[in-house]
1. Does residue 107 satisfy being surrounded by 15 or more Cβ atoms within 10 Å (Cβ to Cβ), farther than 26 Å from residue 48 by Cβ and out of contact with any helix residue (DSSP H, G or I) (no Cβ under 9 Å at 6 or more places or on another chain)?
2. For the structure I just gave you, tell me whether residue 53 is in contact with a helix residue (DSSP H, G or I) (Cβ under 6 Å, 6 or more places away or on another chain) and within 17 Å of residue 14 (Cα to Cα).
3. Quick check on this structure: which one of 100, 84, 3 is on the phi < 0 side of the Ramachandran plot, surrounded by fewer than 16 Cβ atoms within 10 Å (Cβ to Cβ), in contact with a helix residue (DSSP H, G or I) (Cβ under 6 Å, 6 or more places away or on another chain) and at pLDDT below 95?
4. Would you point out the residue of the range 65-76, among those that are in contact with a strand residue (DSSP E or B) (Cβ under 7 Å, 6 or more places away or on another chain) and assigned to a loop (DSSP other than H, G, I, E, B), that is nearest to residue 118 (Cα to Cα)?
5. Among the residues of the range 29-51, which ones are surrounded by fewer than 11 Cβ atoms within 10 Å (Cβ to Cβ) and out of contact with any strand residue (DSSP E or B) (no Cβ under 9 Å at 6 or more places or on another chain)?
6. Tell me which residues, restricted to the range 119-143, are on the phi < 0 side of the Ramachandran plot and exposed (fewer than 10 other Cβ atoms within 10 Å of the Cβ).
7. Kindly list, by first and then second residue, each pair from a residue in the range 1-20 that is under 15 Å from residue 70 (Cβ atoms) to a residue that is exposed (fewer than 13 other Cβ atoms within 10 Å of the Cβ), limited to pairs with Cβ atoms under 6 Å and residues at least 6 apart or on different chains.
8. Here is a check on your reading of the model: is residue 78 more than 17 Å from residue 21 (Cβ to Cβ) and modelled with pLDDT under 95?
């Protein structure tokens, strides 16, 4: 069984989109975090509803062997782009990345395909291979 695929089914049944999962350790324990999105933004009520529906499923199919807390959250306005689906969902948004041999690059994401993506930068359109990237995420210019 693919745990993420099953989580995605539960999320989609609530008219939301599965974004990613993350396991983090904080002072008081381990958190299994599920990120979800929705057209127009995700509400706290939607996160709570999906959390209530995922909880019994994860009791039967736990994501890890040790004790954890479940959190369902938005990935935020400034979110990491890891999977191809993340890049495709961010087309038209401002993105910053670290490219091996070049350094930091910012621009508007124009195209994302299976091997690379295109940013409209101050130098024009530039294509970057995913294999040449460090951290990549969307960003918001706070005024």
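The values are calculated or read from the model by the stated rules, or taken from the named source; none is laboratory data. Owing to the predicted nature of the structure, the values given are computational and were not obtained by experimental measurement. Cβ sites come from the backbone with ideal geometry, for glycine too, and all protein chains shown count toward neighbours.
1. Spelling it out, residue 107 is indeed surrounded by 15 or more Cβ atoms within 10 Å (Cβ to Cβ), farther than 26 Å from residue 48 by Cβ and out of contact with any helix residue (DSSP H, G or I) (no Cβ under 9 Å at 6 or more places or on another chain).
2. Yes; evaluated as a whole, the condition is true for this residue.
3. Just one listed residue meets the conditions, 100.
4. Looking at the filtered set, the residue picked out is 75.
5. Result: 40, 41, 44, 45.
6. Correct list: 122, 123, 131, 141, 142, 143.
7. If the second residue must be exposed (fewer than 13 other Cβ atoms within 10 Å of the Cβ), no pairs are left.
8. Spelling it out, residue 78 is indeed more than 17 Å from residue 21 (Cβ to Cβ) and modelled with pLDDT under 95.
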